[in-house]
1. Tell me which of these residue 121 doesn't satisfy, since it passes every other one: (1) touching a residue at least 24 places away in the same chain (Cβ under 8 Å); (2) out of contact with any Leu (no Cβ under 6 Å at 6 or more places or on another chain).
2. Taking region 101-123, which residues are surrounded by 14 or more Cβ atoms within 10 Å (Cβ to Cβ), over 16 Å from residue 55 (Cα atoms) and under 14 Å from the mean Cα position of the chain (by Cα)?
3. For region 1-100, please list each of the strands (runs of 3 or more DSSP E) lying entirely inside it that holds at least 1 residues being crowded, with 21+ Cβ neighbours inside 10 Å.
4. Name the residue, out of 7, 41, that is at pLDDT 95 or above, touching a Leu at 6+ places or on another chain (Cβ under 9 Å) and at positive phi.
5. Among (1) part of a strand (DSSP E or B); (2) in contact (Cβ under 8 Å) with a residue 40 or more places away in the chain, which single condition is residue 105 missing?
Amino acid sequence: VQLQASGGGLVRAGGSLRLSCAASGRTFGLYAVGWFRQTPGNQRTFVGGISRSGRSTGYADSVKGRFTISRDNAKNTVYLQINSLEPEDTAVYYCAAGVGDYYGPSRSVYEYWGQGTQVTVSS
């Protein structure tokens, strides 16, 4: 499966963005999806994930209440809604998919990664 993340940009603190992760190649409903972010010189860190069906989600403590993940399997797309953006949210955001229903923070479980989309939050 190929993943394409999009929707990043430059926004002011307090604003919102919706990132998209579009998949092609195989039935997207077979894959759980995780979102990660990375800043220069640091490892990719987990922000949240969603099960294959979309009925279950999980989030890092640092983003709970501001980040919401959803999916539309008919459109082969997963979304990351980010509200109340903070300068600390500035990062490249990646989506990742893996066969099975794991959507937690372990990067090694995910088999497929998108190319990332830059989110920059100005204060």
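1. (2)
2. Of everything in region 101-123, those that are surrounded by 14 or more Cβ atoms within 10 Å (Cβ to Cβ), over 16 Å from residue 55 (Cα atoms) and under 14 Å from the mean Cα position of the chain (by Cα) turn out to be 105, 107, 110, 112, 113, 114, 116, 117, 119.
3. Working: elements: 2-6, 9-12, 17-24, 31-38, 45-50, 57-59, 67-72, 77-82, 91-99.
Filter on region 1-100 gives 2-6, 17-24, 31-38, 45-50, 67-72, 77-82, 91-99.
4. Details: 41 fails: touching a Leu at 6+ places or on another chain (Cβ under 9 Å).
Selected residue: 7, the only one of 7, 41 that is at pLDDT 95 or above, touching a Leu at 6+ places or on another chain (Cβ under 9 Å) and at positive phi.
5. Looking at each condition in turn, residue 105 falls short on (1).
The values are calculated or read from the model by the stated rules, or taken from the named source; none is laboratory data. Values in this document were obtained by computation on a predicted structure and should not be read as measured data. In this analysis, Cβ positions are derived from the backbone assuming ideal geometry, glycine residues included, and neighbour counts consider all displayed protein chains.
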